[in-house]
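This report concerns only the one structure given below.
The values are calculated or read from the model by the stated rules, or taken from the named source; none is laboratory data. This is a predicted model, so every value here is computed, not measured. Cβ sites come from the backbone with ideal geometry, for glycine too, and all protein chains shown count toward neighbours.
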Ligand code: ADP
Ligand code: 5GP
């Protein structure tokens with residue numbers, strides 16, 4: 001069999017660009033993909049469930065988790081803590097799942113130091129005007145927070161060259177298909193298939 005090891009896939013990009021939409025859609029389409037549930041200290045939005053969309057923690061709880069070494073990475077984004085619980089990621093990778101971390105750039109850079117073999121994907125909107133439309137259209141943030149997130153987007157763009165792929169989110173279905181293509185191609189990389197090559201290429 002060709003590469004069956006789970007990939008660690010980091011998906012970043014400006015707030016409102018459609019990361020959540022794409023990641024949710026791919027997990028509904030493919031059962032080999034697992035989306036990590038992050039922890040955060042931000043307030044839950046309407047419809048968000050604890051343990052499903054995020055683990056909603058107090059600042060004290062979050063800081064305790066960091067101290068206990070339970071976070072694979074964490075960062076402060078627009079005034080709130082966000083972090084990836086390590087245990088679930090390790091378990092899913094061991095089970096051969098492709099694990100997606102949908103995280104912002106600072107956290108992504110920390111993960112890259114620990115997992116250079118990971119796949120780093122940066123989601124781009126078709127334009128900044130469209131990004132603003134999506135962010136305001138979502139209706140989950142106040143005008144001030146929208147402006148803060150748009151300003152943060154400009155800083156996040158500076159990290160694009162640290163990623164392996166850009167993923168244009170013009171239409172959701174197309175973006176999901178591109179992400180699937182990235183995952184499938186990554187499993188075909190020569191260096192991920194050394195054992196398979198050794199098995200096949202002998203008389
Ligand atoms: P993020 O997770 O990057 O913050 P979301 O997935 O919450 O972004 O998407 C932000 C808003 O944009 C949502 O209202 C979502 O329905 C919408 N959206 C996502 N992708 C597209 C797209 N390709 N075209 C139009 N609207 C989109
Ligand atoms: P939101 O508040 O819109 O859900 O998320 C804000 C930002 O935090 C997004 O860029 C999102 O990708 C990022 N984020 C979500 N979870 C994590 C995490 O576990 N770690 C880090 N570093 N960023 C995260």
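Whether any residue in region 133-140 is more than 11 Å from ligand 2 (Cβ to nearest atom) and over 20 Å from residue 20 (Cβ atoms) is what I want to check.
Checked against the condition, which is being more than 11 Å from ligand 2 (Cβ to nearest atom) and over 20 Å from residue 20 (Cβ atoms), region 133-140 yields no hits at all.
Applying a threshold of 9 Å to beta carbon distances and a minimum spacing of six or more residues, or different chains, the list of pairs starting in region 129-141 at a residue that is on the phi < 0 side of the Ramachandran plot and modelled with pLDDT of 95 or more and ending at one that is more than 15 Å from ligand 2 (Cβ to nearest atom) and in a loop (DSSP other than H, G, I, E, B) reads 130/170.
Here residue 172 meets each of (1) over 19 Å from residue 22 (Cβ atoms); (2) under 18 Å from the mean Cα position of the chain (by Cα); (3) loosely packed, with under 14 Cβ neighbours inside 10 Å with one exception, condition (1). Annotation for region 77-99: at least one member residue is away from ligand 2 (no atom under 11 Å from the Cβ), touching a residue at least 12 places away in the same chain (Cβ under 8 Å), under 24 Å from residue 159 (Cα atoms) and touching a helix residue (DSSP H, G or I) at 6+ places or on another chain (Cβ under 7 Å).
Checked against (1) away from ligand 2 (no atom under 16 Å from the Cβ); (2) modelled with pLDDT under 95; (3) surrounded by 18 or more Cβ atoms within 10 Å (Cβ to Cβ), residue 149 passes all but a single condition, namely (1). Give the residues of region 4-45 that are more than 13 Å from ligand 2 (Cβ to nearest atom), in a loop (DSSP other than H, G, I, E, B), in contact (Cβ under 8 Å) with a residue 60 or more places away in the chain and more than 19 Å from residue 122 (Cβ to Cβ), sorted by residue number. Passing the criteria: 4, 5, 6, 30, 32.
Residues are listed down the side, and each one gets a yes or a no for (1) within 11 Å of ligand 1 (Cβ to nearest atom); (2) surrounded by fewer than 21 Cβ atoms within 10 Å (Cβ to Cβ):
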{"position": "7", "(1), (2)": "no, no"}
{"position": "12", "(1), (2)": "yes, no"}
{"position": "25", "(1), (2)": "yes, yes"}
{"position": "31", "(1), (2)": "no, yes"}
{"position": "43", "(1), (2)": "no, yes"}
{"position": "47", "(1), (2)": "no, yes"}
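Residue 202 fails exactly one of the following numbered conditions: (1) away from ligand 1 (no atom under 15 Å from the Cβ); (2) more than 26 Å from residue 110 (Cα to Cα); (3) in a helix (DSSP H, G or I). What is the number of that condition? If we test residue 202 against (1) away from ligand 1 (no atom under 15 Å from the Cβ); (2) more than 26 Å from residue 110 (Cα to Cα); (3) in a helix (DSSP H, G or I), just (3) comes out false.
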